[in-house]
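The values are calculated or read from the model by the stated rules, or taken from the named source; none is laboratory data. Predicted model, so just to flag it, every value in this text is computed and none were measured. So basically every Cβ, Gly included, is an ideal-geometry build from the backbone, and we count neighbours across all protein chains shown. When the accessible area is computed, the model is the full protein with side chains, heavy atoms only, and any ligands, DNA or RNA have been set aside. Shrake-Rupley method; radii C 1.70, N 1.55, O 1.52, S 1.80 Å.
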Amino acid sequence: MHSFHFSIFRSIVRRELRDQLRDRRTLFLVLGMPLLLYPLLGFFMFKQTELQTSGQPSAKYRVSILTSGDPERLASLLQWVESPEQLTFSDPIAADETRLAEETKRLETGECDTVWFFPNALIVQIDSQLTQASSFSSRSSPPPQTPSTSETVSDVPKSDVPKGSIPKNDGQNDGVPSSTEAPVIYWTTAIQRSMLSRQAVEIFWNNWNTAYRTRRLQAAAVPDSLTTVLPTTHVDVAAWRKLRGAAIWAQILPMMLILFVMTGTFHAATDICTGDRERGTLETLLTSPATRLEIVVARLVAVAIPAILTAFSNLCSILICVAVAIQKLPIFEYPPTVGIVAILVATIPLAIFFSATSIAIATFARNTREAQLYLMPLLMVVLPLILLPMMTTVSLTWQTAMIPLSGLVLLLQQMISGNLSQTLAMLLPVTLVMLAGIWLAIFTAVSLFRQESILFRTADTMTFRSFWLGFTARQESRPHWSLAVLTGVAVIVAMQLAGFLIPEHWATHWGGLVTQTAVTMLLLAGLALLVGCTTASVREALSLRRASRLALLSGVGLAVLFHPAILVLGQWVEWAYPLAPEVQTALEGVERILASGPAWITLLVIAVLPGICEEMLFRGAIFSGLRRIGPVTAVVGSAILFGAAHTVMQQSMTVTVIGVVLGLLVLRTGSIFPAMLFHMTNNLLAAVLPHWNESFAERLQQPAVVVIGLVLGVILSVKASAH
């Protein structure tokens, strides 16, 4: 183990920073551009707003009004309420089924935004109810009985609305009336203006109903004091604490911070790592007295510093623009000081994490163009993690705090919103997850930088012929790592689509479920053999080497010893992230169906076949391909793909941990057969123990049993690997 020389580290940092910051364009993009960009954007936005308010008004939504009754009477009724500014009503037109069909076609061409049809029964009912209400004003005689709707309009046919023009109701109440007396609003979800027009029409109709109710009460001579609506007063508590608009800042600032830091570190790391390779200065750096660890850490600091400066300059420019915009937007206030400090402090660990990740990606890439192509997959991984906190159903709990990046975003949202009590309680788990991610990213970057086979790779000219020959030459003992990753991703996608493509009735009886599982396992084994055929030896590619008796016995023994810990892990996962009721019901139904058939066939399909077929693919072909990058990548990468192939998230988390154990077992013994025996034994225990003796399975989860099993399992694994 080499010692860490701070003087060498400092020299490399100065060199890398000097190379980056000597370019005036880089300095402008890091510091100057953010200070000019957001004020310019704000300036143009305000100018656009002024132009819209001072110029011609925006186009109003056009509403065609049709009726099967008296158009003049309908026009007089609609005049009870002033039409809103954003709506333009046409004069009511008498229409039949043909005219209504013509008007609805105009929705698709954009000639009108909404078609509003009023049946004659509605107009007659309104007049009848107003007449009845006026009869209550007479004090000399008792009020007459209020007839039902059917009695009131019994002389009116119930089929005023043209039947051929009303779409079928799909249960979502999408504009189809529940009775023939209700007006019908025709609109289309294919055009945004039509959707907005429908909302405005519904607001107008609600206002009209209020006015209609008032006229009926006035006709019945009800005193105004009885019709007065009690007012309500709104108090924004956030205004007391100077937190108006904090919810918007909580959504925007954390997401923008992560995007700023990620893009800043990625481009800087690409310039440093692939730039040295393209300029030919990498060999000079490697022959210096600096160790690989010192070089990677120095580059990490050199990448993180410009990223931090970029994030700071962007945030400062945004906050300056916000301070100016608040004068014209009184509903907003400046973000709280605690939130701003939290954002600035979070920039440092984020910059370190993304710097290490970007350095690992840039080190792996052959050139600058290839490194830039890897930015899109990185965005695809990061964006779901930072968009998850945007959901209203997701809150900051210790379960969500354990999700990388998402927990940090939720923590920053709480601090910006002024909720410090919950923030302090979740600060520790978020910090631990962030530190673990930083360590893993640095470890990966250092591991890749120590492999000269990756450092000195050159970009090859790819043609279809070279691509085909590369997969069919069969000169390597292991498949290519890209083929292994592609195979794993294809299996994950296929597993997700299987639930939609396989007929549902297959999973309702024992024969169909067993057949489905058996066919899936055999397809995985066939895929593993297909990947193995691209190598010089299928046996070597799938690690089908002969194992010692002790190694084989260790596979069975480790499964037995680790099974209590696996049960406890599964219970913890389901406690932290409970199964959805429908998922729990589906899983219980599958267990009942499998238990209804012959036991030996069921165990063969759910225990023996997965132990063989899944191991051939994940610990065979995929593990062997990822082994070309490194042993750690092989163990962790195959375990992640193995877990992701399981459709239930809670199962995926537990299976990923089991996959790590299986990968270490293959790595230590050099053979896949111990992993197969481990897999089969674990599945057998999971299927048999709960049905054989449920109390015994519960006793296995006692802390003493779990600890003893783990200790004995570690000792057995060391003994097996020693032989």
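For the range 85-131, the Kirkwood radius over C-alpha pairs fed into Stokes-Einstein at 37 °C and 0.692 mPa s yields D = 261 µm² per second. Ordering 597-606, 289-298, 576-585, 663-672 by mean Cβ neighbour count within 10 Å, with the highest value first, yields 663-672, 289-298, 597-606, 576-585.
Taken over the C-alpha atoms, the range 266-313 has Rg and Dmax values of 11.9, 37 angstrom.
Gyration tensor analysis over the Cα atoms of the range 590-706 returns equivalent ellipsoid semi-axes of 27, 17, 13 Å (largest first, whole Å). Kindly provide log₁₀ I(q)/I(0) values, in the same order as q = 0.13, 0.18, 0.19, 0.21 Å⁻¹, from the Debye equation applied to equal alpha-carbon scatterers of the range 262-416. Log-scaled intensity ratios, in q order: -0.74, -1.13, -1.20, -1.31. Ordering His646, His563 by accessible surface, largest first, gives His646, His563; the 1.4 Å probe counts only protein heavy atoms, with every chain in place.
Average projection, convex hull of the Cα set of the range 511-667: 10.2 square nanometres.
How much of the accessible area of the range 564-629, in percent, comes from carbon and sulfur atoms when a 1.4 Å probe is used? Carbon plus sulfur share of accessible area: 68 percent.
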